[in-house]
Amino acid sequence: MKKALTISLLFLSALWAEEPTYVSEAPLPKGWPQPGPYNKVVEKQYPDYRVAVTSGGGGLSFWTLFSHIKKKNIPMTAPVEMGMTSDKKTMKKTSMGFLYQGTDVGQIGTDGGRVEVMDVKKNQTLSYTWMGDDTEEQIAIARKALDEVLSKKQLKAKSFRLLGYNGPGTPRKQRTYELQAVLPQG
């Protein structure tokens with residue numbers, strides 16, 4: 001009886017489990033695809049875009065960039081882009097970027113000694129999206145899924161980036177992230 005009740009509860013909880021849904025807090029840059037689908041690898045195309053970048057991937061980097069966009073009157077967009085380096089076991093955030101709405105907003109160049117605004121050419125990625133936090137364990141799951149598809153397609157990533165779509169106002173379990181393998185241009 002106890003086993004049947006446990007199985008019934010598991011079945012009901014699976015029925016009630018909601019599919020992940022993206023919680024939008026800011027507009028995407030012009031031409032950017034929505035995040036997702038969740039928990040699988042897909043190919044995505046991105047247009048040319050403008051980004052303000054600073055080194056590091058933590059709180060100080062965020063506030064440096066936030067100060068930059070406020071001073072320049074640049075509206076906030078989502079996602080925030082983190083450049084990633086890796087060895088076979090771990091990945092580390094090495095830079096953070098705030099994306100502008102388009103390449104016609106603001107100007108490229110340096111802003112003080114810590115922020116560089118640059119244009120990035122259109123690119124193609126393999127992307128793995130999840131809902132939750134950006135823990136080392138979750139990033140490792142995403143990286144493994146990307147590596148499997150890269151191997152299967154006999155591709156090598158030019159670089160990796162992590163896109164974070166939500167800020168501290170969104171509960172951690174409802175945040176959307178994408179780990180992407182940026183592919184070399186044809």
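General remarks:
- Taken over the range 90-148, the criterion of being basic (Lys, Arg), more than 13 Å from the chain's Cα centre (by Cα) and assigned to a helix (DSSP H, G or I) is satisfied by 144 alone.
- Residue match in the range 148-158 (condition: of a type in the set (Asp, Glu), more than 29 Å from residue 74 (Cβ to Cβ) and either loosely packed, with under 13 Cβ neighbours inside 10 Å or out of contact with any His (no Cβ under 7 Å at 6 or more places or on another chain) (or both)): yes
- Residues satisfying the stated conditions in the range 62-85, i.e. of a type outside the set (A, V, I, L, M), within 16 Å of the chain's Cα centre (by Cα) and farther than 12 Å from residue 100 by Cβ: 62, 79, 83, 85
- Test: residue in the range 101-118 that is in contact with a strand residue (DSSP E or B) (Cβ under 7 Å, 6 or more places away or on another chain), within 24 Å of residue 170 (Cα to Cα) and at pLDDT below 95: no
- Residues of the range 160-186 classified as at pLDDT below 95 and in a strand (DSSP E or B), total: 0
The values are calculated or read from the model by the stated rules, or taken from the named source; none is laboratory data. Remember, predicted model here, so these are calculated numbers, not experimental data. No Cβ is skipped: glycine too gets one built from the backbone with ideal geometry, and neighbour counts run over all protein chains shown.
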